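Have a look at the structure below before the remarks.
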Amino acid sequence: MILFLQSLLSGVLMGGVYALVGIGLTLVFGVMRIVNFAHGELVMLGMYLAWFLFTRLGWDPYLSLVVVAPALFLWGALLQAAVVGRALHALPENQMLLTIGLGLAMSNAAMLAFTADYRILTTSYSSSGLQVLGLSVSEPMLAAFLVAVGVTAGLYLFLLRTDTGRAIRATAQDREAAQLMGIDVRRMSLVAFGLGAALAGTAGALVSPTYYIYPQVGGAFTLKAFVIVVLGGMGSVVGATLGGLLVGVTESLAAVYVASDLKELVVYSLFLLVLVARPSGLLGKARA
Amino acid sequence: MALLEIRHLSKFFGGLAANADVSFSVERGTIVGLVGPNGAGKTTLFDCVTGFHRPDRGEVRFRGIRINGLSPARVCRLGLARTWQKVRPLARLSVLDNVVVGALTRTRRVEAARDLAREELRVVGLSDRAGVAAGTLPVGERKKLELARALATGPELLLVDEVLGGLNPTESEEVVEVLLALRASGLTLLVIEHDMRAIMRISDRVVVLDSGEKLAEGTPAEVVEDREVVAAYLGEP
Amino acid sequence: MLAPPPLPASASAPRAGARAAGTWLAAAAVALLALFPVLVARPYPLHMGVVLFLAVLEAAAWNLVGGIAGQYSVGHAVYFGAGAYAAVMLLERLGIAPWWGIWAAALCAVLLGLVVGTITLRLRGPYFVLASIAAAEVARLAVLHFRAFTHGAQGFVVAEPPVLRLPGLSLTFDGKRPFYYLTLALAVLAVAVNRAVLRSRLGYQLLAVREDQDAAHSLGIRLSLVKNQALAISAALTGVAGAVFAGYSRFIDPDTVFSLTDVSVPMVLYCLAGGAGTVEGPVVGALLLVPVSEALRNPRGLVSLGLLPAGSGVVGFVERHLSQAHQLVYGLLLVLIVLFAPEGVAGLLRRLLRRSRARPRPAPPPA
């Protein structure tokens, strides 16, 4: 029983971070209707940036968020303006391939810059644990979770209360109507992509004390982000939040009860099964 | 037994009744016009009949066979074809190849299908455009292509969804002639249209839908006089 | 006036005369390629040939599902890997010679295709792409995990294929030449299959599905059946490619044969670069991109081909800095192709031909 609660808890903690990744992806899809297969590479960039700032300047990864998030936001906006935004009229399949190409380019650029060596970011608290309600909890994971919750809350506030946030939601609901009401949809796309990248980079920085950092690490994040978004319904921020938690918990339980190296396989297999039953995701609109 | 029988058909989307208890029949060899204001549920009815939606209540019988719940491909192979309100050309294929795709439901051999396709193109008057990419056609020709393609599947009943929309008077006239010629050759048609003059001219019977319900049914003359129909279209006198 | 059309990739596009000329040209090219090993015995050019023909085989296999049916699977490595492992495990564990192993590989891949197809082909757009990637990942992770069965991450070292004894001749598969001919034959087969499908009833129906699935459905096309047929053929060809690859490179492991970036993506890229949905597209794409990728991966090969002087600084530079850069190139190419040449080289050429043909004509008189 303790084991179950333990893995449930670590699943929730990880799920909070996954939720950030998922929300970033779903925002991009909601606003631009583009499926960004390079999303995981944005997480990877966040990880490397945090590592770089830690090893060169001694910055704690949770503090370097102050730099990582805006940096990734700018990078995302740049990608959107220079590349992705130019593909708006391409076939959706080709748009997907374009983002796959971007992902490949980014992960291999990272390989050229940093080599394929696994990097680790060991802070003073990287391996320390806390006791919470009788369960032991990894300190960095708890910190990551709390920051993730804070960021998510901030995002919800942004989307619900600010003008730009409302404009984004309007664009996501109906691009044409938003345009007709004077919303600059191109600017919204820039903001959405930038936000998505910032969220991804934040997630990367948050897990950098506990993950091996290498150029290909993004791939698994992309796939998991998609699982999250599909489960929660493409374009639904709430759905992505719940989906993130669900994926985190599933993975954690699978690692304990099935096999540690099969945990991702379990997530992907469940994902495929869900798609069989409900091709538009658990919370998505059911097809006739 | 009528060729197509729609009995108490209802289709809900969320709380909205797109079709509410609609019943009517289409007799073999006739043209039945289906009219009504926008949003009346006409295209939804087509979708229910052709298998793109499953009706929530009621049934649809074609040649006595219950077809609601069958897949669109099955419905087509049973002899019921449709055109689309927003035309759907197979853009990167040629005009001829578009129709060949339809004909390949009737025959398995590609050469035979091409002959059938050429014949259907002749019927709608697109023979000289056979090699053109369908995506480049202007709207009038796209509509004719859509007709030819559906005809190529060899239907007994053809559902035509607003084929005259966006056509100039000459094109309109050509298409109306085609529809009349099709009836003369024995085909049965159920035609959604907004062009009332055309409907009056070609229909043997007219069914009027409004807000999902059947408002009236009868000969064109009868329907035009019906007070409720007039109110729905033109507002209270 | 409407914008210039997307180019028709329909089966009737080339006229009969042009088609016959194309066939003769292709036959001549194949004959020349077949003569090549007789004239050139050096191993590296033959190796390039094998790599090239395998690429054509894979691209042509993907073309059936992606180019013609319009279902962009980015997880075709699942069939490649399944074919590789099927053939190798039959050889290593049951002593079954690769000549039979290849058929088993194809069968295995087809069965896997039916399973994956049933799950994924009912999905549209991004869901399908995603599910295809997930399927390949599941396979890779599973093969990695069940070590007792598959040797896990260690992979299999493949023994030399035994002598093939047929009535009248016995073939030994040492050296590159036999593989050269085998892969050439398979590449020709795959291209021929593409051609045959494009002209057949199935081809028309697949093209219709690609252009507009709902319209195709309303015209009596059974979507599931038709897509699964394309996938079955595609999977079989891909599985065979995997089996041949295993026999040729003599080593397989899950990360190599189930790889997204080294198997699935190149298949898509070669086909797209040449022109998806056409017969010549996979060939053109492979011809253009394989040399680039090989040059980056193995610059010494350029020396052995006489294209670079021995001891050239370029070799050292590429080896030190760009040896993994072929993936970077794939990524950039994907971006560039989607933005500037989505119909591939074949499409670009056709567009240029059209424009040059259209120019000399005088403007029509005003209506």
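The values are calculated or read from the model by the stated rules, or taken from the named source; none is laboratory data. Note that the structure is a prediction, hence the values are computed from the model and not measured. Note: ideal-geometry Cβ built from the backbone for every residue, glycine included; neighbour counts use all protein chains shown.
Please indicate, with yes or no, whether at least one residue in the range C:81-95 is touching a residue at least 60 places away in the same chain (Cβ under 8 Å), assigned to a loop (DSSP other than H, G, I, E, B) and crowded, with 16+ Cβ neighbours inside 10 Å. Even if it seems obvious, please write down each step before you answer.
Residues of the range C:81-95 that are touching a residue at least 60 places away in the same chain (Cβ under 8 Å), as a first pass: C:81-89, C:91-92.
Checking the rest, the ones that are also assigned to a loop (DSSP other than H, G, I, E, B) come to none.
No: the range C:81-95 contains no residue that is touching a residue at least 60 places away in the same chain (Cβ under 8 Å), assigned to a loop (DSSP other than H, G, I, E, B) and crowded, with 16+ Cβ neighbours inside 10 Å.
Hey, can you tell me all the residues within the range B:177-194 that are over 16 Å from B:G79 (Cα atoms) and part of a helix (DSSP H, G or I)?
B:E177, B:V178, B:L179, B:L180, B:A181, B:A184
Please work out which one of (1) outside any helix (DSSP H, G or I); (2) at pLDDT 80 or above is the condition C:A273 fails and give its number.
(1)
Residues are listed down the side, and each one gets a yes or a no for (1) surrounded by 22 or more Cβ atoms within 10 Å (Cβ to Cβ); (2) touching a residue at least 60 places away in the same chain (Cβ under 8 Å); (3) more than 9 Å from chain A (Cβ to nearest Cβ):
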position	(1), (2), (3)
C:I102	yes, yes, yes
C:A105	yes, yes, yes
C:T118	no, yes, no
C:V129	yes, no, no
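Within the bounds of the range A:167-179, is there any residue that is farther than 20 Å from A:A71 by Cα and in contact with a Phe, Trp or Tyr (Cβ under 8 Å, 6 or more places away or on another chain)? Reasoning before the result, please.
Step one: filter the range A:167-179 for residues farther than 20 Å from A:A71 by Cα, giving A:167-179.
Narrowing further to those that are in contact with a Phe, Trp or Tyr (Cβ under 8 Å, 6 or more places away or on another chain): none.
No: the range A:167-179 contains no residue that is farther than 20 Å from A:A71 by Cα and in contact with a Phe, Trp or Tyr (Cβ under 8 Å, 6 or more places away or on another chain).
Looking at (1) touching a residue at least 24 places away in the same chain (Cβ under 8 Å); (2) in a strand (DSSP E or B); (3) not aliphatic (A, V, I, L, M), which is the one condition that is false for B:S25?
Only one criterion is unmet by B:S25, namely (1).
Which pairs turn up if I take residues in the range A:27-55 that are over 17 Å from A:I213 (Cβ atoms) and look for partners that are assigned to a loop (DSSP other than H, G, I, E, B) and of a type outside the set (A, V, I, L, M) with beta carbon separation below 8 Å, at least 6 apart in sequence or on another chain?
A:V28/A:N36; A:F29/A:N36; A:F29/A:G235; A:G30/A:G235; A:G30/A:S236
Do the conditions hold for A:T222, that is, is it within 14 Å of chain C (Cβ to nearest Cβ), within 13 Å of the chain's Cα centre (by Cα) and hydroxyl-bearing (S, T, Y)?
Spelling it out, A:T222 is indeed within 14 Å of chain C (Cβ to nearest Cβ), within 13 Å of the chain's Cα centre (by Cα) and hydroxyl-bearing (S, T, Y).
May I ask you to list the residues in the range C:139-167 that are β-branched (V, I, T) and in contact (Cβ under 8 Å) with a residue 60 or more places away in the chain?
Within the range C:139-167, the first condition is being β-branched (V, I, T), and the residues that meet it are C:143, C:150, C:157-158, C:163.
Hits for the range C:139-167 are C:V143, C:T150, C:V157, C:V158.
List the helices (runs of 4 or more DSSP H) that sit entirely inside the range A:80-194 and contain at least 3 residues that are aliphatic (A, V, I, L, M) and more than 14 Å from chain C (Cβ to nearest Cβ).
A:139-161, A:163-173, A:175-180
Are any residues in the range A:211-222 surrounded by 22 or more Cβ atoms within 10 Å (Cβ to Cβ) and touching a Ser or Thr at 6+ places or on another chain (Cβ under 8 Å), and if so, which ones?
Selection gives A:P215, A:G218.
For the structure I just gave you, tell me whether C:G281 is surrounded by 24 or more Cβ atoms within 10 Å (Cβ to Cβ) and more than 16 Å from C:L184 (Cα to Cα).
Against the criterion (surrounded by 24 or more Cβ atoms within 10 Å (Cβ to Cβ) and more than 16 Å from C:L184 (Cα to Cα)), C:G281 qualifies.
Return a yes/no flag: does the range B:141-158 have any residue that is of a type outside the set (S, T, Y), free of Cβ contacts under 8 Å to residues at least 12 places away in the same chain and facing chain C (nearest Cβ under 9 Å).
no
Tell me, which residue of the range B:76-102 that is in contact with a Ser or Thr (Cβ under 7 Å, 6 or more places away or on another chain) and more than 8 Å from every other protein chain (Cβ to nearest Cβ) is modelled with the highest pLDDT?
By that ranking, first place goes to B:L80.
Within the range C:59-74, is even one residue in a helix (DSSP H, G or I), in contact with a strand residue (DSSP E or B) (Cβ under 8 Å, 6 or more places away or on another chain), touching a residue at least 40 places away in the same chain (Cβ under 8 Å) and among the hydrophobic types (A, V, I, L, M, F, W, C)?
No, that holds for no residue.
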